[in-house]
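Below you'll find the structure, written out as structure tokens, and then a few comments.
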Amino acid sequence: MVKDSFSHVNHWVFDLDNTLYHPSARLFDQIEVKMTRYVMDALNVDQAEANRLRNLYWQQHGTTLAGLMREHDLDPVPYMIEVHDISLDHLQTDTLLAAGIRALPGHKIVYTNGSAPYAERVLEARGLSGLFDGIYGVEHADYLPKPEQAAFEQVFAQAGVAPASAAMFEDDPRNLAAPHLMGMRTVHVAPDPHDADHIEYHTDDLAGFLQHVT
């Protein structure tokens, strides 16, 4: 039973984008436009080259920002403010998800490769404010991104998360590899399953899944 597999868990770690809201909200479409424009302006390249670099750095470094910092010594602070300045008007509150998170025993955090202020805005729009013991962005790992294990270690040390008694909910399969190695339960939250040894569970309905673990 799913419930038995989570009976030891008292630390619950949730990604934000495309995890605590459905990908159909397409917030990343807005963010990617902002990213591309920022790369164009910062590196003085055209749109096609900016898009190429944005995708390349995401693949090679985990995030576009990490690539820009490592390859071009970009200041992350204004970048993070600009790319997350997007509209959340079409996000809807989710009372079932809120109830499912509220019912989880123990310590609950959000950990995103975005910024903590952006995460707070999304949580408010989804009706999930006040449900988490901490909200951690990439800035809390000195801008080292998931999927790097050192990033998880930094954030978990700050948050007091014990991986052996923790579960990670995440839409990007890459970002579940390190939690699995660290001994966490791993749940892939996405419309389509991804077959990998480091993914223990998959769901396309997070609210429904949480009902089975408590």
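Rule-based calculations on the coordinates, nothing more; no lab input. Note that the structure is predicted; figures quoted are calculated from it, not measured. Methodologically, a virtual Cβ is constructed for each residue, glycine included, from the backbone with ideal geometry; neighbour enumeration extends over all protein chains shown.
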Relative contact order (%) - criterion: Cα under 8 Å, at least six apart; region: the chain: 25 percent
Sites residue 2 and residue 30 - FRET efficiency at Förster radius 30 Å, r taken between beta-carbons, to 0.05: 0.30
Check: segment 27-83 dipole with +1 on Lys, Arg Cβ and -1 on Asp, Glu Cβ, in debye: 140 debye
For the chain, with +1 on Lys and Arg beta carbons and -1 on Asp and Glu, the positive-most of 149, 7, 175 along the dipole: 7
Positive-end extreme of charge dipole, segment 27-83 - chosen from 39, 56, 76 (charges on Cβ): 56
Kirkwood hydrodynamic radius over Cα pairs of the chain, then Stokes diffusion coefficient at 25 °C and 0.890 mPa s, in µm²/s: 139 µm²/s
Only Lys, Arg (+1) and Asp, Glu (-1) charged, at Cβ; the chain dipole about Cα centre in debye: 420 debye
Loop-located chymotrypsin sites (Phe, Trp or Tyr not before Pro) in segment 100-198, at most 10 other Cβ atoms within 10 Å (DSSP): none
Cα→Cβ-extended label distance, 7 Å offset, between residue 165 and residue 96, nm: 3.1 nm
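Calculate for the chain the 222 nm mean residue ellipticity that helices alone would give, adding -39,500 (n - 2.57) per DSSP H run of length 4 or more and normalising by residue count, nearest 500 deg cm²/dmol. Kindly include the intermediate steps, with their values, before the conclusion.
Details: 10 runs with 92 residues, N = 214.
The per-residue figure over the chain is -12000 deg cm²/dmol.
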